Amino acid sequence: MDDLLSEFLTETNENLSVLDVELVRLEQNPNNPELLSNIFRLVHTIKGTCGFLGLPRLEKVAHASENVLGKFRDGELTINPEAVSLILQALDTIKSLLAVLEATEAEPPGDDLPLIERLNLCAEGKLGGPAPAAAAPPPPPPPTAPAVAASESRPVTLDELEALWNSTPGPNDIPAPAAAPAAGTAVATRAPEPVEEPAPSQDLVVPDAEPAAAKMPAPVAPMANAGGSGGGSAGGGAADAGAEAATKESAVAAQTIRVNVDLLENLMTMVSELVLTRNQLLQILRSQKESEFAAPLQRLNHVTSELQEGVMKTRMQPIGNAWAKLPRLVRDLAHELNKKIDLQMLGADTELDRQVLELIKDPLTHMVRNSADHGLEIPAERLKSGKSETGRITLNAYHEGGHIIIEIQDDGKGLAIDRIKQKAIQNGMASEGELASMTDQQIIQFIMKPGFSTAAKVTNVSGRGVGMDVVKTNIEKIGGTIEIKSVQGKGSTFVIKIPLTLAIVSALIVECAGERFAIPQISVVELVRAASDSEHTIERLKGTPVLRLRNRLLPLVSLQQLLRLDDSEGAAKTEDETFIVVTQVGTYTFGIMVDRVFDTEEIVVKPVAPILRHIEMFSGNTILGDGSVIMILDPNGIASATGEMAMGEAAGKETTAVQTQRQEDKMALLLFRAGEGAPKAVPLSLVARLEDVDLATVELSNGLPVVQYRGKLMPLVPINPNFVIANEGRQPVLVFADGDRSMGLIVDEIVDIVEEKLNVQLAAERPGLMGSAIIAGKATEVIDAGFFLTQAYKDWFGSSTQEGFEEEKLQRVLLVDDSPFFRNLLTPLLSVAGYDVTAVENAGDALALCEAGEDFDVIVSDIEMPGMSGFDFAEAVRHGSRWHRVPMVALSSHASARDLDRGRIAGFNDYVAKFDRDALLFALQQTLTEQKGAA
Amino acid sequence: MSNAKLPSTVRKSRGDDIVVSGNQDFVTMTIADQMFGIPVLQVQDVLGHQRITRIPLAPPEVAGSLNLRGRIVTAIDVRLRLGLTGRPKDKPGMSIVVDLRGELYSLMVDSVGEVLSLTKEDFERNPATLDPRWREVSTGIYRLNGQLMVVLDVPRLLNFTTIETA
């Protein structure tokens, strides 16, 4: 039998057993939402699995049941015994179908229309007070023994039944359901039974558990028992059915045994103990030259090794096992949804603990299904947005530090923040006001809440709001985290991080201050020995150790200091010879200084005691081959404890936001010297490249120095007009580029790049200078790049561009920015690019211009401004002002997706990061053409 | 030695099963010449001197961890936990292994004595003047012949969150 199918059968049978019990419990406690959502999930899972295994008949029944359960969950229907019986009946039908499936490996032909219709009726709330015969339909006979024996005759019977059904006029026919699920042959013999059963007309909604249980209608009570025995028994078949079920207990189930993980864990512990004992014995043997124990011990050695390996294997499985179902799932989904989907799976051999694997299997399936259904667009839509027709879903699993990371990435449309917001409001999860104060990240979290689904339409693929909350619960159950990244239009990435608990890793054993530690081999890049006599030596920068490694400076971390180990053997020793474990975490590489390096060992990571969990330097501990306990270092923890680097962790998000806030005033400045006087500075973002020009290649053209640069002529402009270019040697040049034209500004020396708050304190008198500011503690002249650009363009490209502009009237640009620096910087820039610029320093002035009857083709506005912010300004312009049709471009140092959205909502047509000159010019051009096209 | 003096409310105030039932068995131990007891059913093992791996950055009361038949056990220096000075290096000491919510802890003490079966008649609640640190981790006192035995409450002894506040 197909592996997939047999697994499905085992799993579904298990789920059904649980369902039987849970449904009965639900009937007793109808107000238990937890119970209800659990039931709903189980049915959803069954439906989902049926769906991608291509079992339409099963799927339909499950789908209809799910509908009813969905209504229960949403409170649209009250839970009553009739409805529960109906669902149980549906489950029985599923069971009988499964029995046939197991016997013949195919679904029996036909369908279950009457049952489904009844379920649908029930879902619509029309199933009120049906006749007892319908309310207590006879459960189908146990599909047990006949399942195999009657497999030949079955289809015939079914066909007959179908014929019967098709000839009867559907849902109004009350006795119909009685036989509907009876996909078996024993209908006739079982038929009388239900008559004797009391009609379950009592209203069991009474939360009085005991009498309710007592009054429990016959078909339900035995079902609980049958369910408990885990068999494929059909409910009402009572005791004899149970017995049959036991004997039958599918052939499939016999192939695998489910073992309690605790048992395996114990086994594992015992084997570890055995290994240690063997090691001790071998140790003793080595000291005795000739011993009669030698041969048997050798055997013991082998057997123990194999045993250890075997037990390890029982726990570890490659993640690929959990992925095995996915290609099929994706293929079927692609068909069903008319999409083209390419599924890529990387790192399928990453080993995971079996238990962990089991728990993430369902979440992964859900998430891939979500990506395919919600994430990826239909081919036409993809083409429209400039992507290839085939959408891609990438699964990637790998070890990182002490964790296993699983990424599910799609290149679809990303999460629709607005839709999530709407839905959240609709479902009463948050008010509009609350949403407004939330970050995108917080809003995205809503998709993890139960009952949340953004799919406009409930398909049978997904969109019922089970899914993501299951995913989250399951992952959190194993101590993992899930992170969502989404870029509008680019796709979304789900990153699941599972702690390495129980997983086996290879670790490097090191010693520091007399203590041994394990470092996961996975994060170790290389080992370097640093000693006074070797080529590598540790140098110190104000006490901070660094190492020169292949022309790069490697930051070093002293394990001794980090862990506050006091070295009883004297500190002098460490200076002679130190080993450096070069470690990589993400993109950050650093060295860990240790005293000695031993070898690598395969270790089983065990979690540290709860009272030690707060120490982030350790990811766990383990027992080494010699029986000693050793702590496992967590490179992530060390990196975040020592490095200044931004670790894109969930916890870091808040702080990053703060940092950007703080850095918004700062900008990178290029410091250089040119001519006499103070050092000069220019915003780094304006500089395209730094070049070193060989003066011998400088030619004179039109009386001005030019150099051939990338196949074009580039004018060279000195800061000091009287500067004389030497004939030979090399000269540093700042290259400013604009489209395919570039200009070189000749400087004497490039000094540094600094991040500083630019505060022009003295306005300049001289052309070409913006003014003076204190940068890096020195008075520095900030040059007006625009001025030099104008020089180069006017002299060199001037005439042709000028003509071009004269053909059409100059586009009028209104620039709103509170910073004089930017006004001064952008005005010449835009003028050079052929715009007629009017600059004002705040939104109020701009609106005053509007009042005054001025007209502009485009408005460029800063966002952060004192008084009226850019967003408010845009809203004011858009709502009722004379300029409501004038395109607006926002200019800001924050250019995150969220800002973009906010800007769009406020009314900006485009959003450009400050300092990005090219982007601004492009955006202006783009916006204006669009406007023209629209007009 | 009049048992009648024992206030009847004491028996209920703690509500622990120690007080409720008749005789209780305790594993006794000595720390800095003071006798302590732990209900025998909570004790998993008694160990002699063990090799312990230090755990950097851990709270001072955590002496380290050790391997007990393949399980990692966290060793707690009870002396430090009780606010006493550390054990002199030359005395090896012993340990009592207890289980708390599935985790094993080894309580390092000076020596482990015999198992005593004590009647509730001899039980008394902590004197109000007892050092707050001790009162925190003790359920009460047994009056024995010639000495007093402090009953240690294992969950509270291992509840390290209270240490910072104490």
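Annotation: amide H of A:VAL693 within the under-5 Å range of A:GLN731, A:VAL733, sequence separation 5 or more or interchain, hydrogens built in the peptide plane. In terms of other Cβ atoms within 10 Å, A:ILE257, A:ILE404, B:ILE141 run from fewest to most in the order A:ILE257, B:ILE141, A:ILE404.
The phi torsions of segment A:548-557, fed into the Karplus equation with coefficients 6.51, -1.76 and 1.60 and a -60° offset, translate into couplings of 7, 10, 6, 6, 10, 8, 9, x, 10, 10 Hz, rounded to whole numbers, with Gly and Pro shown as x. With a threshold of 26 Å on the Cα-Cα distance, the over-threshold entries among A:LYS340/A:LYS490; A:LYS339/A:LYS449; A:LYS47/A:LYS449; A:LYS47/A:LYS325 are A:LYS339/A:LYS449. Between A:ILE284 and A:ARG689, full extension at 0.36 nm per residue minus the direct alpha carbon distance yields a gain of 138.8 nm.
Taking θ as phi - 60° and the Karplus parameters 6.51, -1.76 and 1.60, the scalar couplings of segment A:876-882 work out to 4, 5, 6, 9, x, 7, 5 Hz in sequence order, x denoting glycine and proline. A simple spin-label model places pseudo-atoms 7 Å from Cα toward Cβ; at B:LEU144 and A:ASP566 they are separated by 3.4 nm.
Remark: relative contact order (segment A:851-909) = 40 percent; criterion is Cα-Cα distance under 8 angstrom and separation of 6 or more residues. Per-residue Cβ neighbour counts within 10 Å put A:LEU263, A:LEU921, B:LEU148, A:LEU352 in the sequence A:LEU263, B:LEU148, A:LEU921, A:LEU352, beginning with the fewest. Taking label positions 7 Å along the Cα-Cβ direction at both A:ALA348 and A:VAL546, the computed distance is 4.6 nm, reported to one decimal. Measuring r between the beta carbons of A:GLU358 and A:GLN442 and using R0 = 35 Å, the FRET efficiency lands at 0.70. Between B:ASN23 and A:LEU700, the simple spin-label model (points 7 angstrom out along Cα→Cβ) gives 11.8 nm. Partner shielding of B:56-63 amounts to 6, given as the average count of beta-carbon atoms from other chains within 10 Å of each residue beta-carbon.
If you plug the beta carbon distance of A:HIS614 and B:ARG156 into 1/(1 + (r/R0)^6) with R0 = 25 Å, you get a FRET efficiency near 0.80.
Full extension of the chain segment joining A:ASP111 with A:ILE425 gains 109.0 nm, where the gain is 0.36 nm per residue of separation less the Cα-Cα distance.
Ranking of A:GLU515, A:GLU76 by neighbouring Cβ atoms within 10 Å, starting from the fewest: A:GLU76, A:GLU515. Classified by the C-alpha gyration tensor, segment B:75-165 has a rounded form. Its axis ratio a/c, with a ≥ b ≥ c, is below 1.5.
The calculated Kirkwood hydrodynamic radius for segment A:320-499 is 16.7 Å, given to one decimal from all distinct C-alpha pairs. Pairs spanning more than 31 Å between alpha-carbon atoms, out of A:LYS313/A:LYS472; A:LYS384/A:LYS485; A:LYS423/A:LYS472; A:LYS60/A:LYS384: A:LYS60/A:LYS384. Per-residue mean of foreign Cβ neighbours for A:273-285 is 1 (Cβ atoms of other chains, 10 Å radius).
Rule-based calculations on the coordinates, nothing more; no lab input. Note that the structure is a prediction, hence the values are computed from the model and not measured. When we count neighbours, we look across all protein chains shown, and the Cβ atoms used for this are built from the backbone with ideal geometry, even at glycine.
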